[in-house]
1. Semi-axes of segment 87-196's equivalent ellipsoid from the Cα gyration tensor, sqrt of 5 times each eigenvalue, largest first, rounded to whole Å?
2. Which pairs in the list K24/K187; K24/K56; K24/K173; K78/K157; K62/K214; K62/K187 are over 30 Å apart, alpha-carbon to alpha-carbon?
3. Please find, in a Gaussian network model of the chain (springs between Cα atoms separated by less than 10 Å), the residue of D170, D191, D65 whose mean-square fluctuation is greatest.
4. In nm, to one decimal, how far is the S179 label point from the E203 one, both placed 7 Å along Cα→Cβ?
5. Whole number in Å², please: accessible area per residue of the chain, 1.4 Å probe, ligands, DNA and RNA not counted.
6. Heavy atoms only, probe 1.4 Å: what % of the accessible area of segment 63-200 goes to carbon and sulfur, would you let me know?
7. GNM on the chain, C-alpha springs below 10 Å: top fluctuator among K157, K187, K137?
8. Along its principal axes, what span do the Cα atoms of segment 7-86 show, with the longest given first and each in whole Å?
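The values are calculated or read from the model by the stated rules, or taken from the named source; none is laboratory data. All values reported here derive from a predicted model rather than from experimental measurement. We place every Cβ from the backbone using ideal geometry, glycine too, and count neighbours over all the protein chains shown. When the accessible area is computed, the model is the full protein with side chains, heavy atoms only, and any ligands, DNA or RNA have been set aside. Shrake-Rupley method; radii C 1.70, N 1.55, O 1.52, S 1.80 Å.
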Amino acid sequence: MNISVAIDGPAAAGKSTIASLIAKKFELMYINTGSMYRAITLICMKNNIPYQNVEKVVSIIKNLDMYFNNNRLIINGKDIEDEIRSLDVTNNVSNYAAIREVRDILVSIQKNMAYKYNVVMDGRDIGTVVLKNSPLKFFLTATAEARARRRYNELNKNGILVEYNDILNDILKRDYIDSNRKESPLKRADDSIEIDSSDLSIEEVVNIISNHIKEYIASLCSN
Ligand code: DC
């Protein structure tokens, strides 16, 4: 039986940092589903396809070959990991991610990956939709201020000058759109374990999740 770990939570809660560490520790494939929504957004924007043109958006997705290599998303043979992190993509991705047809296609690709491999997947609807039956579901939160502060420090460290208030407003706006959209809104699965990381280090969060995974693996071995 495959191991599937689901990590959901709002923007900038530290999901990808935690998920990639968990992947390394337990030799799981890390699937960053946000990257997939970002990739669709990037390609549509490059081809001047607005999110309102659902038919065109869908036809573009159907022609994409998408896979992860060393935690980096490869589309039609090209590594687009850096491009999908641009501010332009970040500001538009919520609109493309709200399209039901886009979600149906990406969810089916994600389910297929979890069927084939041992995975840790992060996103917004992993515990509620994609890996609904997984026993290992986590909901990672932190206050909007703590998340904005982390993102601000990270960007400044990389030489990108930004205003803290702009980052905070962007996070609040994305939280609102992601939580209030009609299709698979960001929502904690009832059977998930909630971890508020506002006052926890990365290591502490990794340890909490690791202990649950170890407990689960031990229970499989004793059966
Ligand atoms: O995690 P991220 O910031 O890279 O996600 C980018 C966008 O994609 C964000 O607006 C939420 C959306 N998303 C989603 O709707 N469902 C997912 N499973 C993952 C991300």
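1. The equivalent ellipsoid of segment 87-196 has semi-axes of 27, 17, 14 Å.
2. Pairs exceeding the cut-off: K24/K56; K24/K173; K62/K214.
3. D65
4. According to this spin-label approximation, the distance is 3.2 nm.
5. 53
6. Here carbon and sulfur together make up 46 percent of the probe-accessible area.
7. Among K157, K187, K137, the largest mean-square fluctuation in the Gaussian network model of the chain belongs to K157.
8. Projected onto the principal axes, the Cα atoms of segment 7-86 cover 41, 28, 20 Å.
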